[in-house]
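Notes to accompany the following structure.
Coordinate-derived values only; no laboratory data. These numbers were taken from a predicted model, which means no experiment stands behind them. Cβ sites come from the backbone with ideal geometry, for glycine too, and all protein chains shown count toward neighbours.
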Amino acid sequence: MSFFVSYNCIFYKNFTRFLTHKAIVICIFSDNMRDMRILRYILLPVSVVLFLIISISMASGNNEIILTGSGATFPYPLYSHWINTFTGDQSVRITYQPTGSGQGIRDFLNRNNDFAGSDIFLTESEIESLEDVVHIPTCLGAVVIITNLPGNPRLKLTPDLIEGIFLGEISNWSDRRIRRMNEAVNLPELEIAVVHRSDGSGTTSIFTDYLSKVSKSWSAHVGAGKKVRWPTGMGISGNSGVSALVEKIPGAIGYVSLNYSRSEQLIPALIQNRSGNFIEPTVQSVQSAARIDLPDHMRILLTNTDAPTGYPISTFSYILVYREQAYGRRDTENARILADFLSWIIHEGQSYNADLLYGPLPAEAVTKAEQAIQSLRYNNKPLSNNTESEIQSEN
Amino acid sequence: MQRNRLLLLALMLFPALSAFGQESEPIHVGIYEFEPLMTTQDNLYSRGIFIDLLEYIAAEEDWQLEYHEGTFQELVNKLHQNQIDLLPGASYTGDNSDSLVYTNETIISTWAQTYTPSRNYVQSILDLDNLTVGVVRDDPYNVELRSIISRFDLECTFIEFNHYRDVFSALEMDWIDVGVIDRLYAVIHEDEYGVQKNPIFFSPVELRFAIPAEGRLDLIEIIDYHLSALKKNSNSVYYQFVNQTFGTASSSKFLKYLPYILSGTLILLLISFGTTVFMRKMVQQKTAELSEKNETLEKEINMRIEAEEAVVRSNQLLHKTFESIKDGLLITDSDINSIYTFNRAAAEIFGYSSDKIGQIQLSRFFTSQKEAQKYYHEIREMIIEKGYFSGEVRLRRKNGELFPAEVAVNPIEDSAEQYATYVIIIRDVTYRVQSRQARKMEAIGTLAGGIAHDFNNLLTPIIGYSDLMLLSKSTLEEKHSEFVEAIGQAAHQAKSLVNQILTFSRKSEQEKQPIHLGTVVQSTLSLLRSSIPSTIELNFRIDTHDDVVMADPTQIHQIVMNLCTNSVHALPESNGKIQLHLFDHDASTFVGWSSDRLNEDLDYVCLAVKDNGSGIPVDILEKIFDPFYTTKEKGKGTGMGLAVVQGIVNSYQGAITVESEPYEGAAFYLYLPKSQKSVRGKTTRNESMDYSGRSEHILLVDDEKMVADMFEHTLISLGYTITKMTNSQEALSLFESDPGSFDLILTDQTMPALTGAELARKALSVRPELPIILLTGYSETFSIEDAREIGIREYLMKPIIPGDLARAIRLVLDEKDLSKMRWKTRTISPH
């Protein structure tokens, strides 16, 4: 899509230049209407160009249903893949702008989009009636801790160590407390360089939520949020920025979402969960974290999970939609396609999650998400039956 | 002097008064980390020049200070919201854009200074593109630099640190390419790190104290008063603080060289003043010029936008015109082969979908490569001669169908006056050619039919009399008898030609019945086999089980004979082949050129007759079905063969197409609609019947005396009693005077005053059971059905053969079942 837009921009720029040139020719043309030679020489080339433009713009789609979404960057690679796959054989266009959860939610509350992607759920302070908003969990993600140490060892980190490092209290890799947990690793005499995000981010929000849960000191001095005042280290924007900087600086430590930790040099650390087990961040351990009783509204944070094999910095990513779909310029068809898309995400779409390092939804979450999708209404009427029957047939 | 003293008194009283009024209320001061000018850490010896100065003034004025920590931006926000009273270290830029109130006195000026690792160097802001830049998170320079970078459209990776020292460390470690440090911090600390100072600096600011717009102006006045006093005295706390902060050593050095520095500065100031005045004038002048240019540019932009909109509108109009033209338009490359663009009509004419036609090479639209080459040559010749090409060209649709088209080709010159593109206009004239052909055939048919009618009238007595003379052979000399036979033969030949003309003009009556086309063709071929040279290979393949059509077997016989005879004439002397093929028709097999159209609702069976002979030149394809058109030598062909074939096929609601390549043979395809009727068994004819008369009394009416005489003779010789009348009115009167005396009326149809049909109607009103036989030539308005309706028993077409007449009269009189007769008088309707 972005290719198409940029292509169009370039095309438009050139075309405008072209037209400015041709404008003079057209003026001559209109003054000498009877001169058929000029007509013959001008009418057709101009028509050719125009025809090409019109055919290009026609090709871009007329009468298409267009759904727009915006929000979280963390699931963006997965959402792009889903959108491409889902819209492949349909006359539907779906766009998703990775503006960050915060902007996505603002767009959503202003009813400027059809759906918002968010790594965090809405709270009562953000919207008058939570009943109006449906939270559809779409995938599971995790925040992993990456380090740049000689030999790329697989570190074991406890909540205390993570807190100490990110508060700046543990400043050298040779610190006793780290060595005790990692006896098998030959830890160097090297300063720890903390790398964090400088922009507002869902990843930061989940990581700091975890730290606030496991550390009173963190909760008191720094707190949780999309952007916090980091007591130490250096900030850079984007998951890719963090992983690049960690890769560059010996002794660096940083946090990124699971799907950004593919590099061989950045081995994610094992993290001790509430049950005392050191858990490697994998699609499976993230799924385990979600094996807990889910509330019907599904607004739940998975950080610091009770699940014994669950990775403790896991999260659901949500798509937020309004229960009553009749708003703005939306018609029933928009609403029905949206419901189809959501239904597709929680069923067929899930098969793509693991390949892109996102956890597929647990069965309970799928069931609850189905119920949520079925509760969508247009002018207080259920959406077309085929969405429901599809779901039923899959059951 | 006195005035000054009064002012001093007032100022001394003012703080006392204000302190008195504000005693219980502390002053809320925002502080932020701004090393070395300000620090939030209160355990240090000095908290930076701002706080130290402020605390000095507070002590003097007996103020209570309450500090609020935050980032610079947070504190500015708090100041706007009146949550704090005073902000030290506020950057004064000279304009009033932030609507804060500043002290008049500047405490210190500073700016952002850039550093690089020792071995690197950057010269200008533009050098920062694609570099990693370290900044302090809460630093105003962070925001400022990001905005500069984005204004210059550069890409930088920003890394935020908590302190300037972290930035210096990162530079030293080579983690970042450039670091942004406040120049005051840098002056003190740059020597501690292996870093390189760069010529890039930005955001020069004067740091002062600020209060909210609606804040306490008294604070500003008091601070200004103290600052101005402190700055005047080089031994004051202000200079002590400066020395403390930036080092006594530099300070003493500074004092030592002060006179030189001051005089140098003075000269510099004068120069800079002069330069400033000059520059300001220049700037004003340039600004005026620029704003003028700007206006001109804006006007030009608006004009351009308007022109662009006009162009878009006019292009939309042109595009709509292009698309709505019903002629096909193609725009091609300089080889007139690749299609750049086309309109909808072009795609429709050639039967391609809009997304396919663009990929077709233009030469494929011609009937053959050879044809294409020929036309390309013609087109280029005419373009050189006249500047354009215009002509009628036979083209091929996607489904293979050929069609006539009027084609115009106009070249478009490019800037180098070369023919870069060609505009081709194609008008499908199939319909026009078809209707022209149809009108021509209709006209010929009408003319031929009329002539045939008169010929029939002339032939009737010739045949009749010559037959009569032969009946009475004994009275003739042998020589005369031969002459009469020759006359009879010639007349019979003439009759058959007339029949052919009538068949072509579709005016003849046919005897259609359900037949197996394959069987009839097969039997014809077995006859044909014996009459063509044995060197010619003759094959017939039947690929259908459903070959029943409604047709006259005699006419099918004629069709096959005509087509095969034509083929035989075209065949080479050796290896001649004629292949006939019968198969079910589907739309894709309708090939070749035709002026006919098939009914899509009917099923057709197709008979193909192909030969490997000399073929038919393309330019005569259209004419081969015209009557009397022949390529044979004079006297060798009538030119009626294919005209008759087309006449028959059309009368069966069928179609005929032809496909031919010169020297590669020709193929004719006959499409006949299938019939669901079953084929009847063979009818038997009783040839041994006796048709002689038994003195029955016949009233014979014909206005042509010659014809009437001939019939009279014939019938008398057969043994009938004849009353001959040449006036139908008189004949009717005669009949009415004694209706019972006649056994049969034999009447011509076309007569002046009273036609045969009217005569019959009137006679039948008197005697309904009376047998009447109507004789007729070609008649457009009177059909056999009309005759039946009136009650006429029999209807014979001229020329009348005596045998036929005798049989008809006998059968009518004997009230035999007429439907068993095989002659043309049989019911045409299959009902």
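For the stretch B:66-169, the list of trypsin sites (Lys or Arg not before Pro) that fall in a loop by DSSP and count at most 12 other C-beta atoms within 10 angstrom reads B:R119. Model label sites at B:E292 and B:E417, defined 7 Å from Cα along the beta-carbon direction, differ in position by 4.3 nm. Rg and Dmax, both from the Cα atoms of the stretch B:335-479 and both in Å, are 28.0, 98. Using a simple spin-label model with pseudo-atoms 7 Å out from Cα toward Cβ, B:H697 and A:A184 lie 14.0 nm apart. FRET efficiency for the A:R329 to B:S324 pair, using the beta carbon distance and R₀ = 25 Å, is estimated at 0.20.
Note the full-extension length gain between B:T265 and B:Y629 as 0.36 nm times their separation in residues minus their Cα-Cα distance, in nm to one decimal.
Values: separation 364, 0.36 × 364 = 131.04 nm, distance 11.66 nm.
Extending this stretch completely gives an extra 119.4 nm.
What 222 nm value per residue comes from the helices of chain B, counting each DSSP H run with n ≥ 4 as -39,500 (n - 2.57) and dividing by all residues, nearest 500 deg cm²/dmol? Calculated at 222 nm, the ellipticity per residue is -14500 deg cm²/dmol.
Take every residue in peptide A:79-91, count the Cβ atoms of other chains within 10 Å of its Cβ, and give the average of those counts. Before the final figure, lay out each step's value.
Details: counts 0, 0, 0, 0, 0, 0, 0, 0, 0, 0, 0, 0, 0.
Counting other chains' Cβ atoms within 10 Å and averaging over A:79-91 gives 0.
Across chain B, how large is the tail of the calculated P(r) beyond 38 Å, expressed as a percent of all Cα pairs?
On the way: 234035 of 344865 pairs.
The proportion of pairs with Cα distances above 38 Å equals 68 percent.
With bins 5 Å wide beginning at 0, the percent of Cα pairs of the stretch B:507-558 falling in each bin runs 4, 18, 25, 20, 16, 11, 5, 1. Peptides B:285-294, A:192-201 ranked from most to least packed give A:192-201, B:285-294, packing being the mean of other C-beta atoms within 10 angstrom over each peptide's residues. Compute the FRET efficiency between B:S334 and B:L154 as 1/(1 + (r/R0)^6), taking r as their Cβ-Cβ distance and R0 = 41 Å, and round to the nearest 0.05. Here the calculated transfer efficiency is 0.35.
You can think of it this way: the chain between B:D191 and B:N130 has 19.2 nm of extra reach, that is 0.36 nm per residue less the Cα-Cα gap. Taking the C-alpha atoms only, the angle from helix B:756-766 to the longest principal axis of chain B is near 70 degrees.
When you look at the Cβ of every residue in B:318-330, what mean number of other chain Cβ atoms sits within 10 Å? Provide the component values of the computation, followed by the final result.
Values: counts 12, 8, 3, 2, 7, 3, 0, 0, 0, 0, 0, 2, 0.
Rounded to a whole number, the mean comes out at 3.
Placing pseudo-labels 7 Å out from each Cα toward the beta carbon at B:I790 and B:E485 gives an inter-label distance of 4.0 nm. Pairs from the list B:K512/B:K623; B:K610/B:K677; B:K495/B:K762; B:K724/B:K762; B:K512/B:K677 with a Cα-Cα gap above 21 Å: B:K512/B:K623; B:K610/B:K677; B:K495/B:K762. Where a Cα-Cα gap under 16 Å defines reach, which aspartates and glutamates qualify for A:K216, not counting those fewer than 8 residues away within the same chain? Hits, sequence-local ones excluded: A:D160, A:E163, A:E169. What the Cβ-Cβ distance of A:R229 and B:V143 gives, at R0 = 22 Å and to the nearest 0.05, is a FRET efficiency of 0.85. Packing order of peptides B:436-449, B:640-653, B:26-39, highest average first: B:640-653, B:26-39, B:436-449 (average count of other Cβ atoms within 10 Å over each peptide's residues).
Mean per-residue shielding of peptide B:308-317 is 6, counting Cβ atoms of other chains within 10 Å of each Cβ. Each peptide in A:94-107, A:266-279 receives the mean, over its residues, of other Cβ atoms within 10 Å, and ordering these scores from highest gives A:94-107, A:266-279.
When the Cα positions of B:F365, B:I379, B:S338 are compared along the charge dipole of the stretch B:278-389, B:S338 comes out farthest toward the positive end, with charges on each C-beta of Lys, Arg, Asp and Glu.
If neighbour count is taken as other Cβ atoms inside 10 Å, put A:I206, B:I331 in order from fewest to most. Write down the numbers at each step before the final one.
Values: A:I206 27, B:I331 21.
By the 10 Å Cβ count, ascending, the order reads B:I331, A:I206.
Residues A:S243, B:S574, A:S171 in ascending order of nearby Cβ atoms (within 10 Å, fewest first): B:S574, A:S171, A:S243.
Which ordering of A:Y352, B:Y431 is given by a fewest-first count of other beta-carbon atoms within 10 Å?
B:Y431, A:Y352
In degrees, nearest 10, range 0 to 90: what is the angle between the Cα axis of helix B:517-531 and the longest Cα principal axis of chain B? So the helix axis and the longest Cα principal axis differ by about 60 degrees.
What is the stretch A:191-297 by shape, rounded, prolate or oblate, if you read a ≥ b ≥ c off the alpha carbon gyration tensor as root eigenvalues and call it rounded for a/c under 1.5, prolate for a/b larger than b/c, and oblate otherwise?
On the way: a/c = 1.67, a/b = 1.25, b/c = 1.34.
Oblate.
Grab the Cα-Cα distance for B:S717 and B:K231, subtract it from 0.36 nm times how many residues apart they are, and report the gain in nm with one decimal. Provide the component values of the computation, followed by the final result.
Working: separation 486, 0.36 × 486 = 174.96 nm, distance 16.19 nm.
Answer, rounded to one decimal: 158.8 nm.
Averaging 1/r across all pairs of distinct Cα atoms in the stretch A:251-380 and inverting the result yields a Kirkwood radius of 16.6 Å.
Quick one: dipole size for chain B, taken about the Cα centre, charges +1 on Lys/Arg Cβ and -1 on Asp/Glu Cβ, in debye to the nearest 20. Mind dumping the intermediate values first?
Values: 78 positive and 116 negative charges, 701 e Å.
With Lys and Arg at +1 and Asp and Glu at -1, about 3360 debye.
Helix B:217-232 axis versus longest C-alpha principal axis of chain B: approximately 60°, rounded to the nearest ten. Residues whose amide H comes within less than 5 Å of that of B:I31, counting only those at least five positions distant or on another chain, are B:H68, B:E69, B:G70 (H built at 1.01 Å from N in the peptide plane). Cross-link reach is defined here as a Cα-Cα straight distance under 13 Å, omitting same-chain residues fewer than 8 places apart; for A:K248 the aspartates and glutamates meeting it are B:D174, B:D177.
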